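The values are calculated or read from the model by the stated rules, or taken from the named source; none is laboratory data. Worth saying up front: this structure is predicted, and the values here are computed from it rather than measured. Virtual Cβ from ideal backbone geometry, glycine too; neighbours counted across all protein chains shown.
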Amino acid sequence: MRQQHLLVATSALGLIASVAIGGANAQDKTIKIGALLPMSGPGAYFGSQDKQGIELALEQLNKSMVNGYKFTIQYEDSACSPLPASQAAKRLLDQYKPDVIIGEECSDATLAIMPIIEQAKVPMINAGSSALKITDPGNPYTFRIMPNEVMQGVDIASQAYNKLNARTAVLLFENTNAGIGNAKVFKETFEKLGGKILAEIGFGRDVNDFTSIATRVAGLGKIDVIPTYTLEGQGLKITQALAQAGVVKGGDGPAIQLGTIWLPFGFEQKAGKAATGYVRIVQFDPTDPRDMVKNFVSAFKAKFNSDPTHLNAHAYDQIMLIADVVKRGAKDAQSIRDMLAQTKSFVGVTGSVEFDKNNQNVKMDTIHYMETQPDLSWKALKWN
């Protein structure tokens, strides 16, 4: 009898232990996402808009979970700069121990944190940084969903020459890895096609008055296009100075200013008439007729009472790409890395993703060209 009681007690304890372990495992079915985003400094608009796209994606995913996994996130301010980004990455890895990281937006900051996340063997998905060195040669733990500076530069130069019939250009760029790299690729491609670069003008992020640069540009003769590589603050001042000098279409001049994804939605409203005729690339076309895009726009408006930007969209896609690899069986840092490397047919609201051997997305449908109209609305050019 005593043995029977002992057996029952032992079985009961085993059952309790089993339930406890099962409960712990259920709680452990969490994918921890670390977000290294510029929340301060000149690129702070990246962080605030990225966060909106991330929160919408997480809200949708956690309603039903993916393969039984829920998703959590911790943000760190990487400030669009190498040192604070490195410090933020170390804090995130030491304290939060994420399974995957998303970020940064600025190339110099991304290049600084890549060795840190590689040493920790945690995969990172990058959406906005364009510097070639991020994925060439890159490292096994960094994946970029946006075309790199060579892919972007070649495409912009080719479209300028073939679609805009541009034959002369002036390059304006900030003196950073991304600014210098983008300008270099545009120049090489444009000249190879038969175009001529009239001037290459670089500047530091501490420059606030672009009157002298605009005056110099105005004295260079007939200019067809002015590719401009800079963040929003300086971008506004450059565009307004060029318009004031009568160089660009926004100032009733002949030149078309060309821009990149560095500028946020709403740039035109801040620049005013000076932005008229500006052609720039964005990662998201709000006029895209796909149901996926319509649903995203509708959900975003319902949650934030505003239209989504391309930064909202590419942040949303970063999370959805993580969910996609979890759906395919990934459950920790290493398996997420391995599944990301195998991605060939992911389709998001910004476009599609297929990673090459250097973890660079080879698809070009994440580049959308928009032309600013006189009423400051956009016309989608449908070039890609």
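Here are some notes:
- Counted residues, the stretch 241-250 - those being surrounded by fewer than 22 Cβ atoms within 10 Å (Cβ to Cβ) and in a helix (DSSP H, G or I): 1
- Answer residue from the stretch 89-146, given it is surrounded by fewer than 19 Cβ atoms within 10 Å (Cβ to Cβ) and of a type in the set (Asp, Glu) and is farthest from Met364 (Cα to Cα) among those: Asp94
- The residue list Phe355, Phe265, Phe346 contains one member that is under 28 Å from Ile101 (Cβ atoms), of a type in the set (Phe, Trp, Tyr), touching a Leu at 6+ places or on another chain (Cβ under 8 Å) and without any contact (Cβ under 8 Å) to a residue 40 or more places away in the chain, which is Phe346.
- Just so you know, in the stretch 33-77 the residues that are assigned to a strand (DSSP E or B) and acidic (Asp, Glu) include one that is farthest from Ile336 (Cα to Cα), and it is Asp77.
- Taking the numbered list (1) surrounded by fewer than 21 Cβ atoms within 10 Å (Cβ to Cβ); (2) under 19 Å from Thr72 (Cβ atoms); (3) over 21 Å from the mean Cα position of the chain (by Cα) in turn, Gln373 passes all entries but (2).
- Residue within the stretch 214-235 that is part of a strand (DSSP E or B) and surrounded by fewer than 22 Cβ atoms within 10 Å (Cβ to Cβ) present: no
- Selection from the stretch 199-249 of residues that are in contact (Cβ under 8 Å) with a residue 40 or more places away in the chain and either over 30 Å from the mean Cα position of the chain (by Cα) or farther than 10 Å from Leu172 by Cβ (or both): Arg205, Val217, Leu220, Gly221, Lys222, Ile223, Asp224, Val225, Leu231, Glu232, Gly233
- Residue in the stretch 309-317 that is in a helix (DSSP H, G or I) and over 25 Å from Lys32 (Cβ atoms) present: yes
- Any hit, the stretch 50-57, residues being among the basic types (Lys, Arg), crowded, with 17+ Cβ neighbours inside 10 Å, in the same structural domain as Leu36 (by TED's automatic domain parsing) and under 25 Å from Ser306 (Cβ atoms): yes
- Among the candidates Ile336, Ile322, residue that is of a type outside the set (Gly, Ala, Ser) and under 18 Å from the mean Cα position of the chain (by Cα): Ile322
- Ala160 being more than 16 Å from Gly34 (Cα to Cα), modelled with pLDDT of 95 or more and not assigned by TED's automatic domain parsing to the domain that holds Met320: yes
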